[in-house]
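The values are calculated or read from the model by the stated rules, or taken from the named source; none is laboratory data. Just so you know, these numbers come straight off a predicted model, no measurement behind them. Heads up, the Cβs are rebuilt from the backbone with ideal geometry, glycines too, and the neighbour counts pull from every protein chain shown. We work out accessible area using only protein heavy atoms, side chains counted, and drop any ligands, DNA or RNA first. Shrake-Rupley method; radii C 1.70, N 1.55, O 1.52, S 1.80 Å.
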Amino acid sequence: MELICILCPRGCRMQVEPGADGQWVVKGNGCSRGKDYALQEMTCPMRTLTTSVWVEGGTYKLVSAKTDRSIPRDKIMEALKQTKRLKVKAPVNIGDVLIENIAGTGANLVATRKVERV
Ligand code: SF4
């Protein structure tokens, strides 16, 4: 299987194959971070969730938000469902925690823009 490393602009094309000992064999990585990324992708792929949340009484109806760390890709839908149900009250500041421990991942959903109160 081929994977492109997204950790730096070099974008190494890596080949990942199962080894004889049951471990993954990674080739084509330009550094050890790429190998770690490839192994993570093969076992538990992680993604940062970026989304928007409804705001009540603010200068904008939505506030952009993202998780403060990557979460397992198979938890993204559950996390999105939580964000769709949420309505926060203005004012909202950058870095405000909107949902703690989203989808039980240990990550928090934080605001990435400021929304003033009307
Ligand atoms: S493997 Fe290393 S050098 Fe290659 S893209 Fe990833 S981080 Fe960059």
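Quick notes on this one:
- Theoretical gain in end-to-end length, T43 to T59 [0.36 nm per residue, Cα-Cα removed]: 1.5 nm
- Per residue, the range 6-45 exposes an accessible area of 69 Å² to a 1.4 Å probe, with every protein chain left in place.
- CD proxy at 222 nm, helix term only [per DSSP H run n ≥ 4: -39500 (n - 2.57); per residue of the chain; nearest 500]: -5500 deg cm²/dmol
- Backbone HN-Hα couplings from phi across the range 65-77 [Karplus 6.51/-1.76/1.60, Hz, Gly and Pro as x]: 8, 8, 6, 7, 7, 5, 10, x, 4, 6, 9, 4, 5
- A 1.4 Å probe run over the protein chains yields, for the range 46-118, 61 Å² of accessible area per residue, whole-number rounding.
- Taking GluC sites (Glu not before Pro) as exposed when DSSP calls them loop and at most 13 other C-beta atoms lie within 10 angstrom, the chain has its longest site-free stretch at 1-99.
- Amide H contacts of R47 (H built 1.01 Å from N, under 5 Å, at least 5 apart or other chain): I71, R73
- Apolar share of the accessible surface for the chain: 51 percent from carbon plus sulfur atoms, 1.4 Å probe.
- Sequence-ordered 3J(HN,Hα) estimates for the range 83-97 from the Karplus curve with 6.51, -1.76 and 1.60 and θ = phi - 60° stand at 5, 5, 7, 8, 9, 9, 9, 5, x, 10, 10, 4, x, 4, 7 Hz, glycine and proline given as x.
- Vicinal HN-Hα couplings computed from phi for the range 98-112 (Karplus, 6.51 cos²θ - 1.76 cosθ + 1.60; Hz; Gly/Pro x): 8, 9, 7, 6, 4, 6, x, 8, x, 8, 10, 8, 10, 6, 10
- Flagged links, alpha-carbon separation over 27 Å, of K27/K66; K66/K89; K35/K75; K27/K81: K27/K66; K27/K81
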